[in-house]
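The values are calculated or read from the model by the stated rules, or taken from the named source; none is laboratory data. Here the structure is a predicted model, which means the values were calculated and not measured. Note that we place each Cβ from the backbone using ideal geometry, even for glycine, and neighbour counts take in every protein chain shown.
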Ligand SMILES: *Cc1c(COP(=O)(O)O)cnc(C)c1O
């Protein structure tokens, strides 16, 4: 009989007292620019639904077809009897999209990163990781026996020092997020790949917040930087721009993919991506590839939001990505950000405040994510709510 629930209650109380409790809002509608929560309708500015494909009629129709044609589940992992022809088709389409030899699907990008480092790197090897890399990279790196080095976010002098320190290792792998999710900053791939080449390292990019969004045809940060042939490994998700359901992948050489199929534990021991999701993701991938118009609308929305917010005196992290961090720095920032986000929901605009430990102490923010599904009027409504709630919270 479990006898430590009371201790867990204490821990939960500490989280609550520190103002760090995360509360889930219950939605009663599909994901989209306009959603309904149990409190009422809202304009949604906190989904990774960059291209508006999460409830796109063609994606939904394709998923229905996948469901009707191939059933609800595979009831197996891939290597036993869980591989449908469409799993291989999607893998080939991802590889073609990103310009790699092959790709391998995982239940999620979290799992893709969980597999990657353990399989490719042993104790003679080194992995060099950006300090703001996604939690799944941090965990994946922990699972490998490689020597670990960490450089401050996008600090190329520190990266170079890590590369020097890692010399003598059998393999050196530099890993970075393509886009950093809390800041919307794009990784400096030109510098990273040049340094990697100079010091004989390979480069892996987790492009979860860029696939479908940046670069020619939405092929991500390597394409955006014109460096697709210089990045050795790309991990990504089907859970954001590419339909937003679930599934992740690693795209790389045939050997990397094959070894991951032989040894990647989340691949070997966790179920295949469900048939309806594979079918939906294939259509989402096609729409993303062909979606220059969607990317144009997304870029316009991000520009419009950034320019109006700056005009209204908000403190934004600079950039062009549809992730926009509206900063509330200093000691009172966390309280301010969360009070404003709460108040905005009352005005029908759904945004989320982030504070420590998700972001550094004193760097609280409201993260806004634009979508191609937003109209200009939606974006204006969001800015207007920011302004109104800032005033209301200040005059309480
Ligand atoms: C969202 C995200 C993931 C996790 O993706 P899932 O497919 O939902 O597991 C991994 N890495 C990065 C950089 C992400 O932004």
Could you please find all residues in segment 204-226 being within 25 Å of residue 157 (Cβ to Cβ) and more than 15 Å from the ligand (Cβ to nearest atom)? 224, 225, 226
Being touching a residue at least 60 places away in the same chain (Cβ under 8 Å) and touching a strand residue (DSSP E or B) at 6+ places or on another chain (Cβ under 9 Å), is that true of even one residue in segment 66-82? yes
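Based on what the data block shows, is residue 340 outside the structural domain of residue 217 (by TED's automatic domain parsing) and buried (at least 18 other Cβ atoms within 10 Å of the Cβ)?
On the way: outside the structural domain of residue 217 (by TED's automatic domain parsing): yes; buried (at least 18 other Cβ atoms within 10 Å of the Cβ): yes.
Yes, satisfied.
Tell me, which strands (runs of 3 or more DSSP E) lie completely within segment 27-112 with 2 or more residues that are closer than 20 Å to residue 211 by Cα and within 16 Å of the ligand (Cβ to nearest atom)?
Correct list: 102-106.
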Within segment 344-355, does at least one residue satisfy the condition of being in contact with a helix residue (DSSP H, G or I) (Cβ under 7 Å, 6 or more places away or on another chain), at pLDDT below 95 and part of a loop (DSSP other than H, G, I, E, B)? yes
Flag if residue 171 is away from the ligand (no atom under 11 Å from the Cβ), farther than 29 Å from residue 354 by Cα and in contact with a helix residue (DSSP H, G or I) (Cβ under 8 Å, 6 or more places away or on another chain): yes
Quick test for you: out of 16, 7, pick the one residue that is farther than 30 Å from residue 331 by Cβ, out of contact with any helix residue (DSSP H, G or I) (no Cβ under 7 Å at 6 or more places or on another chain) and without any contact (Cβ under 8 Å) to a residue 60 or more places away in the chain. 7
Scanning segment 139-156 for residues that are at negative phi and part of a loop (DSSP other than H, G, I, E, B) gives 144, 145, 146, 152, 153, 155
Given the criterion crowded, with 20+ Cβ neighbours inside 10 Å, more than 21 Å from residue 131 (Cα to Cα) and touching a residue at least 40 places away in the same chain (Cβ under 8 Å), identify the matching residue among 239, 254, 215. 239
Got at least one residue in segment 301-319 being closer than 21 Å to residue 239 by Cα and assigned to a strand (DSSP E or B)? no
Given (1) within 16 Å of the ligand (Cβ to nearest atom); (2) closer than 25 Å to residue 56 by Cα; (3) surrounded by fewer than 24 Cβ atoms within 10 Å (Cβ to Cβ), index of the condition residue 249 fails: (3)
Take residue 159 and decide whether it is in contact with a helix residue (DSSP H, G or I) (Cβ under 9 Å, 6 or more places away or on another chain), more than 16 Å from the ligand (Cβ to nearest atom), at pLDDT 95 or above and not assigned by TED's automatic domain parsing to the domain that holds residue 369. yes
Segment 37-68: number of residues that are at pLDDT 95 or above and more than 24 Å from residue 324 (Cβ to Cβ): 12
Scan segment 266-286 and give yes if some residue there is over 30 Å from residue 26 (Cβ atoms), in contact with a strand residue (DSSP E or B) (Cβ under 9 Å, 6 or more places away or on another chain), surrounded by fewer than 23 Cβ atoms within 10 Å (Cβ to Cβ) and not assigned by TED's automatic domain parsing to the domain that holds residue 44, otherwise no. no
May I ask you to list the residues in segment 194-214 that are farther than 21 Å from residue 319 by Cα and within 24 Å of the chain's Cα centre (by Cα)? 196, 202, 203, 204
